[in-house]
Amino acid sequence: MFSKVLIANRGEIALRVIRTLREMSIPSVAVYSDADRAALHVRRADEAAHLGPAPSSESYLNIDRILDAALRHRATAIHPGYGFLSENARFAQACADAGIAFIGPSAKSISMMGSKTEARRVASAGGAPIVPGTLDGVTSASEALAAARHAGFPVMLKAVAGGGGKGMRRVDREPDFLAAFDSASSEALRSFADGRLYVEKLIENARHIEIQILGDRHGNMVHLGERECSVQRRHQKVIEESPSPLIARLPELRARMGEAAIRAARAAGYYNAGTVEFLADNSGNFYFLEMNTRLQVEHPVTELVTGLDLVRLQLSIAAGHPLPFTQSDIVLRGAALECRIYAEDPANNFFPSPGRITQLAEPSGPGVRLDSGIYPGWTVPLDYDPMLAKLIVWNDTREHAIERMLRALGEYQIGGIQSNLALFDAILRDPAFRAGNLHTGYLDAMLQRTPFTAPPPPAELAPLAALVASRLPNSSAATTPPATTPPAAPASRWLADGRQNLMRKERTR
Ligand code: MV4
C-alpha cells in the first residue's frame, strides 16, 4: 500500500479522501491555492503544499505544480478527486512517468471515454445498447443533416470532446438544423478547442440512471447498482438517490443495466471506480450515454446502500490488489438520498452567492452523513464551484429516507450567504417526486408548477425582518441594487444569517 498520498483537489472531496487515508494510517498531503490558505481540507491533512494563485490554471489544474508538490512531499500516489485533473489523460500519464501512482484508470481508458464518439464505439462493440446516431464525428453540416434525417427528428447534436451537456443542442425540426449546428459547433470549439459534433436521436423525457462499477487490474469487475440522477437543473445534478424508483417497477432492469455497464467498461480495459451513464425509459429500454472515469460527486449514496468505502477500494485497486468480493457478495440494502448544497439563491434565479459563513448548524443523528467543506468564519471563494456540502441520508425505505432528509434539512442552518437549502424542502414534498415519477425535465417542470420564492416571514417575525433589512450596512441595496447585482428580491432574502431557515421550519411545521 502507498506510504503517503497527495490529494489533487479541494473542498469536501479532499476531506472525504483524507478520512479514508486516516483510517488506513496513510499520511495525507493537501494542496491549496492562495484562496484556500484557510480551507478545512488544508487543516485536516497531515501535510499541505501551496500551489499558487487562486485561478485553477495556476493551482488545481496545474500539472507541473502538483507533480512538484508530490515529489517534494514524497507522496507515492495521487488521488485526483472529481473535476479538475481527474479525467485528464495527460495528467494520468505524467503521474506514471514521474513514478507516482495515479489513483484512477489508465491514461488510455480516460482518453477512450473522453472522446464521446469513441466511447459510443467501444460501448457498442462491448455489447451495450447505444442511442441511435453517428459512430463518428461529422465533418460538415450537410453530413450532419443527412445523419439527422436518417435518425429522424427530433435529434441531439453533441460535441465529440464534450460531456455533461456542453456543446449540446436539441433540434426538433429540419429548418432549425443549420443554426443549431453552427452554434453547437462554435460552443464546442470555444469550450474544448474541438468543434466536432455527432448526431443522436433525441430520447424524450427519459430518466438519467447511472451504474457504479468497480474493476481491478486483474480483469475482475462488479457493479454496485444504480443511482437515479434525473433531478437536475442546467445539467447540474441537484438530488441523487439509490436505488432508482424505476427499479421498484422493473426489478430485472438493474441486472440488465449492470451487465451492460460492465460490458462497456470491460471493452475500455477499465480499472478503478467508474460510472456508466444511461438514459432509461419507463418501459425498460435504456441506452449508453457516456462513461465517467472518476469517483463521482454522488458516490456516497452507493456507499450507504452497499456499506462499501469506494475510496478505500480505489486505493486498493491502484495498489494492484484484486477486488475483495464478487458480484454475488454485493448486497444493496435500504435507500439513500443526497442533496447538493450550493452557495446560490434559488429565489433569485440560482444566482451564485459566495461570501463569509457567519453561522453554521449542521444536521447529525442516525443515518445522516454530511460531506462538507465549510466551517463558521470560512469565506467561500468565488474562484471555484460553489458546492458547499452534500447531505446524504440512509433509511430502510425510500419513504423513510425522504422523511429523514426533511428532518436533517430542518436542523441545517447556513448563515451569511444564500444557499439552496429551502429548494430541497419543496422538491422532497412534491407529490411527483414522492411518487418517484422522475425524468430529466422533472425539476424544470416542478419549478414551473411551483415557482420557487423565498418563504415570507411568519406574521410575528415580520417586524424583525423589516428591522434587520433596515439595519443592513447597505440597506438601500434591498430596493435599488447596483447594475452588477441580481434584480431586487423580497426583503426576507436579506435575512441571510440562518433566521430564514428558522422561518422555513416554522412555516412547514
Ligand atoms: C441526451 C438526452 C436525450 N437524448 N441524449 C445531458 C448531459 C449528457 N450527459 C447527456 N445528456 C442528455 N443526452 C439524447 N440523445 C438527454 C440528456 C439529458 C438531459 C437533457 C436535457 C435536460 C436535462 C438532461 C439531464 C440528463 C440528461
* **Low-density loop positions, trypsin sites (Lys or Arg not before Pro), the range 219-277 - DSSP coil, at most 16 other Cβ in 10 Å** => R234
* More than 20 Å apart: what percent of Cα pairs in the range 168-289 qualify? -> 55
* Asked: Where does the chain land at 222 nm, in deg cm²/dmol rounded to the nearest 500, when only DSSP H runs of n ≥ 4 count, each adding -39500 (n - 2.57), divided by all residues?
  -> -10000 deg cm²/dmol
* How big is the range 80-199 in terms of Cα radius of gyration and Dmax, in angstroms? -> 16.2, 55
* To do: Please state, to two decimals, what the Cα-based radius of gyration of the chain comes to when divided by 2.2 N^0.38 Å (N = residues).
  => 0.98
* Can you pull the one-decimal nm distance between simple spin-label points at S57 and D309, each 7 Å off the Cα toward Cβ? => 3.9
* Give a quick list of GluC sites (Glu not before Pro) in the range 207-302 that DSSP marks as loop, anything other than H, G, I, E or B, with at most 16 other Cβ atoms within 10 Å. => E252
* Asked: Under the Karplus relation 6.51 cos²θ - 1.76 cosθ + 1.60, θ = phi - 60°, what is the ordered set of whole-Hz ³J(HN,Hα) values for the range 128-135, x standing for Gly and Pro?
  -> 8, x, 10, 5, x, x, 7, 8
* Please report, to one decimal in angstroms, the Kirkwood hydrodynamic radius of the range 5-103 built from all distinct Cα-Cα pairs. => 12.9
* Asked: Expressed as a whole percentage, what fraction of the accessible surface of the range 132-201 belongs to carbon and sulfur atoms when a 1.4 Å probe is rolled over the protein heavy atoms?
  -> 55
* Structure fact -> Taking r as the C-beta separation of A319 and A248 and R0 as 56 Å, the FRET efficiency to the nearest 0.05 is 0.90
* Lys pairs, the chain - Cα-Cα below 18 angstrom, 8 or more residues apart or on other chains -> 9
* May I ask you to compute the full-extension gain from D396 to L135, defined as 0.36 nm times their residue separation minus their alpha-carbon distance, rounded to one decimal in nm? => 89.7 nm
* Structure fact -> To the nearest Å², the heavy-atom accessible area per residue of the range 5-103 with 1.4 Å probe amounts to 38
* To do: Could you tell me which trypsin sites (Lys or Arg not before Pro) in the range 172-216 are loop residues by DSSP with no more than 10 other beta carbons within 10 angstrom of their beta carbon?
  => R173
* Structure fact -> Interchain or sequence-distant (5+) residues whose placed amide H lies within less than 5 Å of the amide H of G52 are D34
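The values are calculated or read from the model by the stated rules, or taken from the named source; none is laboratory data. None of these values were measured; they are calculated from a predicted model. Reconstructed Cβ throughout: ideal geometry from the backbone, glycine too, with neighbour counts over all protein chains shown. Accessible surface is based on the protein model in full, side chains and every heavy atom, while ligands, DNA and RNA are left aside. Shrake-Rupley method; radii C 1.70, N 1.55, O 1.52, S 1.80 Å.
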